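Written below as structure tokens is the structure these notes are about.
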Amino acid sequence: MRRLAIVILLLATTAAFARERWTEQQANAWYQQQPWLVGSNFIPDDASNQLEMWQADTFDPQEIDRELGWAEAIGMNSMRVFLHDLLWEQDAAGFQQRIDQFLTIAARHHIRPILVIFDSCWDPNPKLGKQRPPRPGVHNSRWVQSPGAKALDDPSQVPRLKAYVTGVIGAFANDQRILAWDLWNEPDNTNSKKDRKDKKARVNALLPQVFEWARFVDPSQPLTSGVWDGSAEEWATPSKWNPTERTQLEQSDVITFHNYSWPENFQAHFLVLQKLGRPILCTEYMARSVGSTFDTILPLAKKDKVAAINWGLVVGKTQTNLPWESWNHPYVKTQPSVWFHEVFYPDGKPYREAEVQLIRELTSR
């Protein structure tokens, strides 16, 4: 009990000195200074998850440089990139140095990334060190959550998680190479059978504190966490927001959302969110076989200056060119008739030339 009381006192002290949420005027003034933001959720093709991308033994700046060059060539100006709390615990100085190196590469290609702090998707038991090879024929089979289930279960881990949030954001709080901080990806997602049964309750208790920790270091970049699992009608009605959505929509400086559905559905969702009076960024979209395509989504996003960050740039060890249903039916003997995500083959050849021509055309106007 004494340990828990100390943690609560620590959190309260942080909140007392944290900066305020940006006003609508501040958020919109920031967005007016940005170009139309277009990019991908990025992980190099030789990494299967966040740990493999960033650990010293497998960090590959040459591959990152090559792939971001392809993105730049078609007009992309942002990437969404996932970090991990265990990397900060393992070697904070080294991790910070590699983030800085990544930002230098991205800036050389005129790309300003959104950095993601926590993530609730897929494997809840992350482990440092050599990562297992991808499961054959399965979408994103080695992606790991941050924080993992053990950290969510242990109140004594809260100071460590706070140190990670304040440490990494504080180190780059005034770095203009960074576009924004996405504090928690799909916080209430429970797409792993290994998830804790009380995961949502624990996440909902921690998420507001993560916003406070981030504001404590007073970053010049906006803070956000994207809503992802609700109908347009639900998002239009505050009384229907679940606890996670309420924190996300009431605490984010700019509003972010995910949508992998048909263009009519995509448009309905962002029109509802625009009523909140803040900039709107779609930080995940584009799943060809379920109706979300560059051809239909990008023109709508361009018209209303909704940022458009699709999932996946280069096909590789994440295997996210395979659909979600491959978790139940692995594509071992056959391949899907159409790629689910991704823009390029590993050699830089576009999956569909017409798509990259469209991206290049829309971003050049």
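A short reminder: the numbers here are calculations on the coordinates, not readings from a lab. Please read all numbers here as calculations on a predicted model, not as lab measurements. When we count neighbours, we look across all protein chains shown, and the Cβ atoms used for this are built from the backbone with ideal geometry, even at glycine.
How big is the Cα convex hull of the range 37-113 in projection, averaged over all directions, in nm²?
4.6
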Taking r as the C-beta separation of residue 304 and residue 32 and R0 as 22 Å, the FRET efficiency to the nearest 0.05 is 0.95
If I model a spin label at residue 73 and residue 237 as a point 7 Å from the Cα along the Cα→Cβ vector, what separation in nanometres do I get?
5.0
Please give the net charge around residue 335, taking every other residue with its beta carbon less than 14 angstrom from that of residue 335, where Lys and Arg add +1 and Asp and Glu add -1.
0
Within 10 Å, count the other beta carbons around each residue, average over each peptide in 68-76, 328-336, 56-64, and list them highest first.
68-76, 56-64, 328-336
Residue 365 versus residue 107, label points 7 Å from Cα toward the beta carbon: distance in nm?
3.2
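Sum up the charges of everything whose Cβ sits under 13 Å from the Cβ of residue 151, counting Lys and Arg as +1 and Asp and Glu as -1, but leave residue 151 out.
Residues near residue 151 contribute +2 overall.
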Gap separating the Cα centres of the range 200-257 and the range 160-197, nearest whole Å:
12
What ranking do 193-201, 164-172, 248-256 get when scored by the average of other Cβ atoms within 10 Å per residue, highest first?
248-256, 164-172, 193-201
State, as an integer percentage, the relative contact order of the chain based on alpha-carbon contacts under 8 Å between residues 6 or more apart.
22
In the range 79-209, what % of DSSP beta bridges are antiparallel (nearest 5)?
10
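Report relative contact order for the range 81-168 in percent, whole number only (criteria: Cα-Cα under 8 Å, sequence separation at least 6).
33
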Under 5 Å, built H, 5+ apart or other chain: amide partners of residue 41
80, 310, 311, 312
In the chain, what is the volume of the convex hull around the alpha carbon atoms, normalised per residue and reported in Å³?
133
What FRET efficiency do you get for residue 97 and residue 150 if R0 is 22 Å and r is their Cβ-Cβ distance, rounded to the nearest 0.05?
0.20
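Considering only DSSP beta bridges with both partners in the range 2-364, what is the antiparallel share in %, to the nearest 5?
Just about 10 percent of them are antiparallel.
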Using a cut-off of under 17 Å, list every residue of the range 44-58 whose amide N is near the label point 7 Å from the Cα of residue 130 along the Cα-to-beta-carbon line.
47-49, 51-53, 55-58
Consider just the alpha-carbon atoms of the range 293-346 and return their Rg together with their Dmax, both in angstrom.
13.6, 43
